[in-house]
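Only one structure is covered here, and it is reproduced in the block below.
The values are calculated or read from the model by the stated rules, or taken from the named source; none is laboratory data. The model shown is predicted, which means the values in this text are computed figures rather than measured ones. Here the Cβ positions follow ideal geometry from the backbone for every residue, glycine too, while neighbour counts run over all protein chains shown. Calculation scope for accessible area: heavy atoms of the full protein, side chains included, ligands and nucleic acids excluded. Shrake-Rupley method; radii C 1.70, N 1.55, O 1.52, S 1.80 Å.
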Amino acid sequence: DEATRKVLLNKIPLIDAAVREEMLIKANIKGDGTRFNEIVKNKITELGILEPGSQAYTEMFAILDKLPIAYHKAKAVFGGKDKKEPGEGGVFSIFVSDLCKGCGACVTVCGTKGALEMVSETEEIHTDYHSAINFMNLLGDTRTKYLGLYDPENPGESKNAALKNHMMQRSKYEALQSGDGACAGCGEKTVLHSVSSLTEAMMRPLMHRKADRFKKKADTLAKHGLSILNELKAKDQASYSIFRRTFLHMIMDIGAETAKETDARISREFKGSDEDMINGLVAVLRQEAYNLKELRAIEGLMPNGMAAMAMTASTGCNTVYSSTPPNNPHPYPWMNSLFQDGATIGWLVGESFIYDHSRRSVIPERFADMLITGFDKEFTESDYFMYTHFSDMNMTDLETIELPKVWAIGGDGAMGDIGYQNVSKVIMQNRPNIKIMLLDTQVYSNTGGQNSESSSMLGGFDMNQFGDATQGKQTERKSVAESFMSGHGSAFVAQVSMANSATLFKAILDGLFYRGTAFFQSYTACMPEHGVADYAAAVQALRIRDSRGMPEFVMNPMNGETYFDTLDIKSNQNYMNDWATKMAPVTKKKYTFTAAHWAFTEARFRLHFKKVNESKVEGMVELMDMIEKVTMN
């Protein structure tokens with residue numbers, strides 16, 4: 001009731017202090033697993049704030065039992081922080097979506113931490129999930145002070161390992177909203193989520209800072225713009241006339257093929273004054289500021305501004321689970337193209353973004369800057385030509401970074417087979433806002449497991465049973481990313497995966513900042529076609545990387561002119577040697593981890609392994625010995 005609610009609100013500081021004191025004590029007791037909820041209930045009882053057995057007491061404790069706030073020992077969130085800054089520590093919560101399909105991938109990645117566990121599905125659990133999500137909807141974004149070394153305002157400056165904390169902000173996490181039409185544990189969806197969330201994490205602060213910039217400049221122009229323009233007219237009539245023509249051409253859209261024809265059209269059609277011009281520029285800046293920061297693009301999302309990106313998807317698994325009614329997971333412009341055309345259409349969408357960005361943002365702001373600074377140099381016919389033929393080549397680095405990004409998404413068939421030429425063409429264009437992600441399952445997943453150029457020779461797919469009775473696939477696997485490292489200009493190229501999320505996240509951010517096309521190839525396990533467990537996407541990505549079946553690398557042309565300068569392979573285990581090494585879990589002996597060891601874990605290679613009697617291997621060479629001979633070690 002209202003009276004009890006007021007009592008609780010007045011007692012919050014008292015409860016808070018008592019709970020914090022108890023949590024600090026328990027945090028120092030080894031093995032103590034008391035839940036936060038129990039501490040709160042105990043303190044409410046000890047302080048006599050609610051009468052035991054009363055309706056309010058029963059309801060309050062029922063709520064505390066349901067809240068998914070379990071961990072008082074998260075040092076970065078509570079323990080360490082509250083010791084240094086009393087009262088500033090927080091509680092850590094994990095919310096499980098009611099759409100969870102129970103593949104167990106998150107539990108596997110979490111490992112032995114015990115934060116998540118697999119339980120049997122019941123109606124009660126679904127009810128609890130709904131209650132928890134409803135509670136989460138009452139909360140805001142995770143505050144910056146709980147994100148450790150991750151800086152949400154400047155994500156590109158954060159250390160690699162800290163980038164994972166961008167997912168702790170709901171506004172970034174919800175850059176991809178569902179997509180639960182995917183198979184349980186699908187390796188593609190996690191990478192696709194990373195593409196969306198990191199683009200949002202990078203672009204949103206830029207857009208908000210830009211909006212604040214535009215508002216300030218609009219306010220300054222409203223006060224002083226007309227007098228500055230009058231000063232220009234008085235001191236330099238020629239500059240004023242050319243600027244006026246350029247302004248009306250680009251801002252008011254009164255232009256023609258030539259300067260002479262433009263002047264004639266302006267004379268016929270524009271009946272306004274210089275004050276109207278200034279007011280028009282102020283209106284453009286203020287509208288763009290609103291679009292960038294306050295617009296609610298999609299119902300239910302925060303009024304956070306227009307979309308920061310678009311996505312053009314080649315038909316494949318990613319388009320199936322990305323267009324499954326009633327949920328389309330993409331809260332930004334998204335389209336599904338013909339199988340081979342995703343990259344090409346992305347390029348065309350990117351060109352339209354460059355045009356719109358120039359007309360709505362870059363040129364209006366440059367005109368505003370000229371007026372605010374009082375035209376420190378003359379405005380010439382060359383300036384008129386440049387602005388009426390404006391492109392990304394005329395943009396500063398900041399203006400280019402602020403361009404909305406376009407992600408072209410496709411599988412290994414779409415981008416390595418039939419659409420390979422399209423991708424090659426787009427990479428050669430080297431446009432500043434085009435980014436491409438190849439979700440590599442090494443097989444045509446959504447059409448039943450046929451070979452693609454990215455398939456390994458001995459894959460054993462549904463339509464390629466390699467062996468005595470069939471020739472199978474006779475060609476080696478095409479490494480698409482490697483093919484774009486040479487003969488394709490100066491694109492940013494990376495082969496990364498969830499084997500190392502820090503490297504994946506850092507590569508995506510660097511690719512977004514790169515002033516040119518960025519191409520990514522990521523191994524994404526297909527559970528049914530590879531024959532692996534639903535929880536194993538990240539595990540298999542690690543195995544193929546460490547077996548050198550698909551090693552990681554990042555080639556960033558901004559770092560120099562040679563492969564030695566631009567190519568980074570250090571995220572591969574034992575990268576200085578031909579092979580990675582592992583430790584046997586039982587014997588604790590080190591051994592060389594080869595492609596054979598990785599292949600043994602996937603059913604698609606099952607035809608190449610068989611048990612043999614010990615007598616059959618007499619005289620044969622052990623694989624480890626053969627590796628040493630091959631590498632001349």
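Normalised per residue, the accessible area of segment 295-410 is 43 Å², obtained with a 1.4 Å probe and no contribution from ligands, DNA or RNA.
For segment 503-564, the equivalent ellipsoid derived from the alpha-carbon gyration tensor has semi-axes of 28, 13, 9 Å in decreasing order. In this calculation the C-beta distance from LEU14 to SER120 is compared with R0 = 56 Å, giving a FRET efficiency of 0.90.
Taken as Cα centroids, segment 489-532 and segment 1-22 sit 48 Å apart, rounded to the nearest whole angstrom. Evaluated over the Cα positions of segment 311-382, the convex hull gives a direction-averaged projected area, one quarter of its surface, of 7.4 nm².
When the chain is fully extended, how far beyond the present Cα-Cα distance does ALA502 get from ALA234, taking 0.36 nm per residue of separation? Length gained between ALA502 and ALA234: 90.6 nm. By its C-alpha gyration tensor, with a ≥ b ≥ c as the square roots of the eigenvalues, how is segment 41-139 shaped: rounded for a/c under 1.5, else prolate for a/b larger than b/c, else oblate? Here segment 41-139 falls in the oblate category. Spatial offset of segment 98-170 relative to segment 181-211 amounts to 15 Å, using the alpha carbon center of each.
Roughly how big is segment 361-498's charge dipole about its Cα centre, with Cβ charges of +1 (Lys, Arg) and -1 (Asp, Glu), in debye to the nearest 20? Can you show the working numbers first?
Values: 9 positive and 18 negative charges, 92 e Å.
It comes to approximately 440 debye.
On the beta carbon distance between HIS389 and ASP98, with R0 = 45 Å, the FRET formula returns roughly 0.25.
Count the net charge of all other residues whose Cβ sits under 11 Å from the Cβ of ILE508, scoring Lys and Arg as +1 and Asp and Glu as -1.
Values: positive: LYS405, LYS435, LYS506; negative: ASP510.
Residues near ILE508 contribute +2 overall.
The protection proxy used here, the mean number of other Cβ atoms lying within 10 Å of each residue, ranks peptides 234-240, 412-418, 215-221, 183-189 as follows, highest first: 412-418, 183-189, 215-221, 234-240. Per-residue accessible area (protein heavy atoms, 1.4 Å probe) orders MET302, MET370, MET203 as MET302, MET370, MET203, starting from the largest.
Only one residue of GLY225, GLY33, LEU623 has its Cα farthest out toward the positive end of the dipole of the chain, where Lys and Arg carry +1 and Asp and Glu -1 on Cβ, and that residue is GLY33.
On the basis of the beta-carbon distance and an R0 of 22 Å, GLU482 and ALA596 show a calculated FRET efficiency of 0.50.
So how do 242-252, 515-525, 132-142 stack up, highest first, on mean other-Cβ count within 10 Å? Walk me through the numbers before you get to the answer.
Working: 242-252: 20.8, 515-525: 26.4, 132-142: 13.1.
Ranking, from highest mean packing down: 515-525, 242-252, 132-142.
Full extension of the chain between SER267 and PHE564 yields a length gain of 100.9 nm, computed as 0.36 nm times the residue separation minus the alpha carbon distance. For the chain, the Stokes-Einstein estimate of translational diffusion at 4 °C and a viscosity of 1.567 mPa s comes to 46 µm²/s, using the Kirkwood hydrodynamic radius over alpha-carbon pairs.
Tally Lys and Arg at +1 and Asp and Glu at -1 over the other residues with C-beta under 15 Å from the C-beta of ASN559: what net charge comes out? Result for the neighbourhood of ASN559: -1. The apolar share of the surface of the chain, taken as the fraction of accessible area on carbon and sulfur atoms (1.4 Å probe, ligands and nucleic acids excluded), comes to 55 percent.
For segment 317-423, GluC sites (Glu not before Pro) meeting the loop criterion (DSSP other than H, G, I, E, B) and having at most 14 other Cβ atoms within 10 Å: GLU378.
As an equivalent ellipsoid, segment 117-165 spans semi-axes of 32, 15, 7 angstrom, where each value is the square root of five times an eigenvalue of the C-alpha gyration tensor, largest first.
Ordering of 163-172, 340-349, 1-10, 613-622 by packing is 340-349, 163-172, 1-10, 613-622, highest average first (other Cβ atoms within 10 Å, averaged per residue).
Once the Cα-Cα distance is subtracted from the 0.36 nm per residue extended length, the MET576 to THR447 segment shows a gain of 42.5 nm. Here the contact order of the chain, divided by its residue count and restricted to Cα pairs under 8 Å and six or more residues apart, works out to 11 percent. Farthest toward the positive end of the dipole of segment 510-594, out of THR566, TYR591, GLN540, is the Cα of TYR591, where the dipole comes from beta carbon charges about the Cα centre. Taking 15 Å as the cut-off, no amide N atom of segment 50-72 comes nearer than this to a point 7 Å along the Cα-to-beta-carbon line of GLU2.
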